[in-house]
Amino acid sequence: MKIRIVNHSKHPLPAYETVASAGMDLRANLDAAIVLKPLERVLVPTGLFIEIPIGWEAQIRPRSGLAINKGITLLNTPGTIDADYRGEIKVIVVNLSTEDFVISNGERVAQMIIAAHEKAEWIEVDELIETPRGAGGFGHTGTK
């Protein structure tokens, strides 16, 4: 699949790091570092603008290494970039740790996955087909 991209950042285009990678890292495009205090959130620009074909989306997800090692994750995740959005890709980063986190220019702050999606068509009915789970909610299937 080919996707049109405008790169106004100071960095190379996002790329798959390995042959089996599902996501491409997104880098912060900053003029100055951002100090993110505990429990603060910030909108981090990437300098990237994309044109996704209809029927596809870009999903913005946290990086697992930042999450486990630094307590840094994303809000509104996975974030969705729709096919008709033409603005800059920005990432909502939050610091869930007890220490300041410095976001430097070029820092890999998120990953982006390109995924197909379907359009749903509602069929209104009076009742749904029963299943063994029924209306069981969170944790209904147990922990083992």
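Just so it is clear, none of the values below were taken in a lab; they were calculated from the coordinates. Just so it is clear, the structure is predicted and the values come from calculations on it, not from any experiment. Please note: Cβ atoms are built from the backbone with ideal geometry, for glycine as well, and neighbour counts cover all protein chains shown.
Values as computed for the structure displayed
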quantity	calculated
Failed condition for T18, given (1) within 30 Å of E118 (Cα to Cα); (2) hydroxyl-bearing (S, T, Y); (3) surrounded by 13 or more Cβ atoms within 10 Å (Cβ to Cβ)	(3)
Within region 77-106, tally of residues that are within 18 Å of P38 (Cα to Cα) and touching a strand residue (DSSP E or B) at 6+ places or on another chain (Cβ under 8 Å)	11
Hey, L30 at positive phi, assigned to a loop (DSSP other than H, G, I, E, B) and touching a residue at least 24 places away in the same chain (Cβ under 8 Å) or not	no
Residue ranges of strands (runs of 3 or more DSSP E) in region 58-134 with at least 3 members within 18 Å of D25 (Cβ to Cβ) and of a type in the set (A, V, I, L, M)	90-95, 108-116
Residues located in region 49-66, provided they are of a type in the set (A, V, I, L, M), within 15 Å of the chain's Cα centre (by Cα) and farther than 15 Å from P14 by Cα	L66
Whichever residue in region 60-96 is buried (at least 18 other Cβ atoms within 10 Å of the Cβ) and in contact with a Gly (Cβ under 7 Å, 6 or more places away or on another chain) and, among such residues, is farthest from E118 (Cα to Cα)	N95
